[in-house]
Amino acid sequence: MLRLEKIIPEGMQDFKVRYAILQAILENEPIGRRTLATVTTYSERTVRAATDVLSKQGLIEVAHSGMMITQSGKALLDELYLPLQELNAFSLLEEQIEALTGAKKVIIVPGNVDDDESVKWQLGKAGSKLVLDLIEENSTIAITGGSTVAKMVELIPQRQEGKTHTIIIPARGSVGKRMEFQANILAAEFAKKINGKYEILNIPDNLSVASIETIKQEPHIQKTLQKMGKSDMIILGLGDAMKMAKRRNESKEVVALLKEKEAVAEAFRYYFDKNGEIVYSGTNIGLDLEVAMQISTRIVLAGGKSKAIALVATKALLKGSYLVIDEGVARAMLQVSTR
């Protein structure tokens, strides 16, 4: 694929443009050409030429309400995903991030979520493929919430054959107001996609310490927490410290402390400064950081250059993990590490 780019670079550029436009239609259907040009930042002329080709090939349908992708278009997106990854040739950048973080494997997708929300589709697609490559029958998988992890679950194809004995467990209680991003919801959706089983932890993660400790003593909660600790895989996103403090509804005193200590990252209700030091940890319902770090297969998804400081600060967690990120945050991480 890379050799072809050297011989016919104009053809490879057309391929990249059409793939990006097809993906944007999938993410925003039904969508008109003018809106599509705005979403993709391509000119209306480029969008018109590309969509004419995609329509003739039966990959999209054009209606009064806008353009929509066909089943053939969806299948082609899946089929061309890996060749496009090769075409973008992030091998060197991936090696640099592996060296920086100690990650077992780094997968980088093009773009920057901070500038283009549709890049989250690429992150989700890369994450879903990685998970399916690593998942084993009769395994236990813990999963956190968040929009990027939610996109990954959404893009896992529905398993057609019989049931699996894999169990999906939420790695934490409920955080934030968006139900579709909650670990419980995602655990159930993930399990349904692979015809597996799931358990729920339908408890807010920001209760008082006394309430949390009491709840933890409940037999069924104890049983779920024990299963979490014995998980074969964990899938998680990393959060910005102050944003997560707001979602968790931390007290004014805790927020003030985090600002004073210049916290930049959060994972499992542990808050880190830019040097990776824990500046505050709260009691939570779910996996403990130390337990999570002992899980053999850890998959971390994150996008947007604004997450660079958080990722560099949590290198201890990333060491030995699988890291799926976008180009924007990867290049920003290298810049942060040299300061």
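Read the figures in this text as sums done on the coordinates, not as results from a lab. What you are looking at is a predicted structure, and each value in this text was computed from that prediction instead of being measured. Note that each Cβ is placed from the backbone with ideal geometry, even for glycine, and that neighbours are counted across all protein chains shown.
Restricting to lysines 8 or more places apart or on different chains, can you count the pairs in the range 11-113 with Cα atoms under 25 Å from each other? Lysine pairs, 8 or more places apart or on different chains, close enough: 4. Farthest toward the positive end of the dipole of the range 31-84, out of Tyr81, Gln71, Ile60, is the Cα of Ile60, where the dipole comes from beta carbon charges about the Cα centre. With θ taken as phi - 60° and the Karplus curve 6.51 cos²θ - 1.76 cosθ + 1.60 applied, the whole-hertz 3J(HN,Hα) list for the range 30-41 is x, 9, x, 5, 5, 5, 4, 5, 5, 5, 8, 6 Hz, x standing for glycine and proline.
How much net charge surrounds Tyr270 when only the other residues with a Cβ under 11 Å from the Cβ of Tyr270 are counted, with Lys and Arg +1 and Asp and Glu -1?
Cβ neighbours under 11 Å give a net charge of -3.
Amide H contacts for Gly239 (H built 1.01 Å from N in the peptide plane; partners 5 or more residues away or on another chain; cut-off under 5 Å): Glu266.
Taking N as the number of residues in the range 236-310, what is its Cα Rg relative to 2.2 N^0.38 Å? Could the numbers behind the result be given before it?
Working: Rg = 12.1 Å, N = 75, 2.2 N^0.38 = 11.3 Å.
After normalising by residue count via 2.2 N^0.38 Å, the value is 1.07.
Cβ under 11 Å from Asp115's Cβ, Asp115 left aside: what net charge do those residues give with Lys, Arg +1 and Asp, Glu -1? All intermediate terms of the calculation are to be shown ahead of the outcome.
Numbers: positive: Lys305; negative: Asp114, Asp116, Glu117, Asp326, Glu327.
Result for the local shell: -4.
DSSP bridge analysis restricted to the range 259-339 gives an antiparallel fraction near 65%, rounded to the nearest 5.
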